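Worksheet: one structure, shown below.
The values are calculated or read from the model by the stated rules, or taken from the named source; none is laboratory data. Everything numeric in this text was worked out from a predicted model, so none of it was measured. Every residue, glycine among them, receives a Cβ derived from its backbone with ideal geometry; neighbour counts consider all protein chains shown. Quick note on the areas: whole protein, heavy atoms, side chains included, nothing else; ligands and nucleic acids left out. Shrake-Rupley method; radii C 1.70, N 1.55, O 1.52, S 1.80 Å.
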Amino acid sequence: MKKNNIISLTVLAVLFAGLAVWSVLFFPPHYRNKNADIILIGEEHGVKRYYDMELEYWKDCYENKGMRHLFLELPYYDGEFLNIWMQSDNDELLDSMLEEIQGTASDTPDYKEFFLAIKRDFPETVFHGTDIGHQYKTTGARYLEYISEMNSGDLTHSENQRIALENIEQAKTAYSADPSEFLALREPYMISNFIREYDNAGQPEIMGIYGTYHLDMSADIMAGALKKHYGEYISYTLLPTKYYRGWGQLPEWGISVVGMVFLLMLFIPNIIWSKRQPEGYKESAKRENKVLLALERTGEVLVSALLLTDRRLDRFSFSPRLGYIILALVLMIIYELYWIKYFRSSRTLADMYSDYCGFPLAGASLPVFAAFLLGVYDCNVFLIAAAVILGIGHIGIHLMHKKETEK
C-alpha cells in the first residue's frame, strides 16, 4: 500500500510540475480588459519569435480595432525618426538608427525585419518612443541637427527640440548616477514620457511594446503607474520567455483575500481536529522524523505568510491561467469533504491517513497541491518553493504514519 501511495504521489507531483512548465511556456500572466484603450505587450528584447508574436498582436489591433499608434521602449527621437522613415522611399534612417544601437539586446537582424514588416503591412503606423534618451551622443545629436536643418536653424519655438533635449537630460541623469539607482531613476521618466505622448496624441487606443520589467503592476513601475493614472482602461500581456522575470519578483505586499480564504479552509478543520484527534496519535507523533518535522513547520510558516501577503493572488482575468486558481479551489473543496468524512468516521489513525477521491493521503496532499497551483497562478516562485518544502515534510510524515497503521 505504501508503495502504491508513493507512486501515486509521484505521478501527481510530476503532473503538477508539468502544469507549471506549461503555464510558463503557453499561458504567461496578463491583466486584460476587453474595453482597454492601452494594450501593453511585454517582451524580452532581441528575440525573433517575440517580434513575430508582436506583429500578430499589432495586426489584430491595426486591422480589427483600427489602432494606428504604436508605443515603443525607445527614446523620443527614435520614434520621430521612425515616423520620418515610414514616409521615405529608402531605409537610410532606419539603418542609421539600428547602427547606433549596436551592442544592445536589440542589435539583431530580426529587429530590422520587424520594422520593415510594419512599414510594408501597416503603413499608417505612428511610432511613439517613451524611454529615456539612450544613444543621445549619436541618435539624439543627429535628431537635433535634423530639427535645426528643418527649421533653418530657428529652434526657438520647436516643441520637438524641447522634448528631445528633455529626453537627453533624462538619460544623462540616469547614466550619471550609481548603477544601482539606474532603474529607480529611469522608471519615473518612462511613466511621464508615456503620459505625455498618450495625452498629446488625444488618448487614442494604442498598443505598446516594452520589456517585461516595465509591465509589473506595482505602483512605482510603468504599467502599474499607468493603471493608477488612467484607471481600468489598460491591459497587459507578458510574452512567454525562456527565463521569465515575473517568476522572480517579490510579492505585491498587502492582505490577499484569496490567500485568507485558502488559509481559513486550511485552518478551520485543523482547529476542529485538534479537539478530535484519533486515538494513539500523540504517541505516534513522538516518533516523527525530526528533519521532516522541521521541513513541515518551515513550509507551513512560509506558505501561510506568502498566501496572506501577496495581493497579486486577487487579480482575476478570463484566460486559461484562471484554471489554476479554479483547480486549487476544487482541491480545497475536496479537502473539506475529506475532513467531513473523517469527522463522521470512527476517527482512527487509519481514517486520518486514508485516501479520498483518488488522492493518496488526502489530508496532506490536497492542500500542498493547492498551494503549489496558487503559486503557479501567481507566478510566485517563492510560494511554489514553500509548497514543495511543505509537501516534503507534511506528506513525508503522513507516509510514515500510514506505514505504522498498516503494520
* Taking only pairs six or more apart or across chains, which ones have beta-carbon atoms under 7 Å, a first residue in the stretch 331-343 that is touching a residue at least 40 places away in the same chain (Cβ under 8 Å), and a second residue that is aromatic (F, W, Y) and open to solvent by 10 Å² or more (accessible area, probe 1.4 Å)? -> L331/F369; M332/F262
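Checking the structure you have, find out if any residue of the stretch 33-49 is in contact with a Phe, Trp or Tyr (Cβ under 8 Å, 6 or more places away or on another chain), part of a helix (DSSP H, G or I) and in contact (Cβ under 8 Å) with a residue 40 or more places away in the chain.
Start the filter on the stretch 33-49 by keeping residues that are in contact with a Phe, Trp or Tyr (Cβ under 8 Å, 6 or more places away or on another chain), which leaves 33, 35-44, 46.
Retained after the next criterion (residues that are part of a helix (DSSP H, G or I)): none.
No - not one qualifying residue is present in the stretch 33-49.
Based on what the data block shows, is G129 closer than 24 Å to Y51 by Cα and surrounded by fewer than 15 Cβ atoms within 10 Å (Cβ to Cβ)?
Numbers: closer than 24 Å to Y51 by Cα: yes; surrounded by fewer than 15 Cβ atoms within 10 Å (Cβ to Cβ): no.
Answer is no for this residue.
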* Report yes if some residue within the stretch 212-222 is at pLDDT below 85, among the polar types (S, T, N, Q), within 25 Å of Y51 (Cα to Cα) and in contact with a His (Cβ under 8 Å, 6 or more places away or on another chain); otherwise report no. => no
* Looking only at the stretch 370-402, which residues are in contact with a strand residue (DSSP E or B) (Cβ under 8 Å, 6 or more places away or on another chain) and either under 13 Å from V301 (Cα atoms) or surrounded by fewer than 24 Cβ atoms within 10 Å (Cβ to Cβ) (or both)? -> L383
* Enumerate the pairs (first residue in the stretch 208-235 and at positive phi; second residue anywhere and surrounded by 18 or more Cβ atoms within 10 Å (Cβ to Cβ)) with beta-carbon separation below 9 Å, excluding pairs fewer than 6 apart on the same chain, so at least 6 apart or on different chains. => none
* To do: Considering only the stretch 281-394, give the helices (runs of 4 or more DSSP H) lying wholly within it that have at least 1 residues that are among the hydroxyl-bearing types (S, T, Y) and under 19 Å from S256 (Cβ atoms).
  => 290-309, 322-344, 362-378
* Structure fact -> E406 passes all but one of the listed conditions (1) surrounded by fewer than 19 Cβ atoms within 10 Å (Cβ to Cβ); (2) at positive phi; the exception is number (2)
* Asked: Applying the selection to the stretch 196-211, what residues are open to solvent by 30 Å² or more (accessible area, probe 1.4 Å) and farther than 20 Å from L55 by Cα?
  -> R196, D199, N200, A201, G202, Q203
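I'm trying to understand the selection: among the residues of the stretch 61-100, which are assigned to a loop (DSSP other than H, G, I, E, B) and within 14 Å of R142 (Cα to Cα)? Lay out the reasoning, then the answer.
Taking the stretch 61-100 first, the residues assigned to a loop (DSSP other than H, G, I, E, B) are 65-68, 87-91, 100.
Scanning the stretch 61-100 gives a single hit, E100.
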* Asked: In the stretch 101-126, which residue that is polar (S, T, N, Q) and surrounded by 12 or more Cβ atoms within 10 Å (Cβ to Cβ) is nearest to A141 (Cα to Cα)?
  -> T104
* Asked: Pick from Y338, Y342, Y324, Y356: which is open to solvent by less than 60 Å² (accessible area, probe 1.4 Å), among the hydroxyl-bearing types (S, T, Y) and under 29 Å from the mean Cα position of the chain (by Cα)?
  -> Y324
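Residue-by-condition table, conditions (1) within 16 Å of L374 (Cβ to Cβ); (2) acidic (D, E):
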| site | (1), (2) |
| --- | --- |
| L263 | yes, no |
| S284 | no, no |
| L295 | no, no |
| T298 | no, no |
| R315 | yes, no |
| I326 | yes, no |
| M332 | yes, no |
| E336 | no, yes |
| W339 | no, no |
* Taking N83, is it surrounded by fewer than 20 Cβ atoms within 10 Å (Cβ to Cβ) and under 23 Å from I132 (Cβ atoms)? -> yes
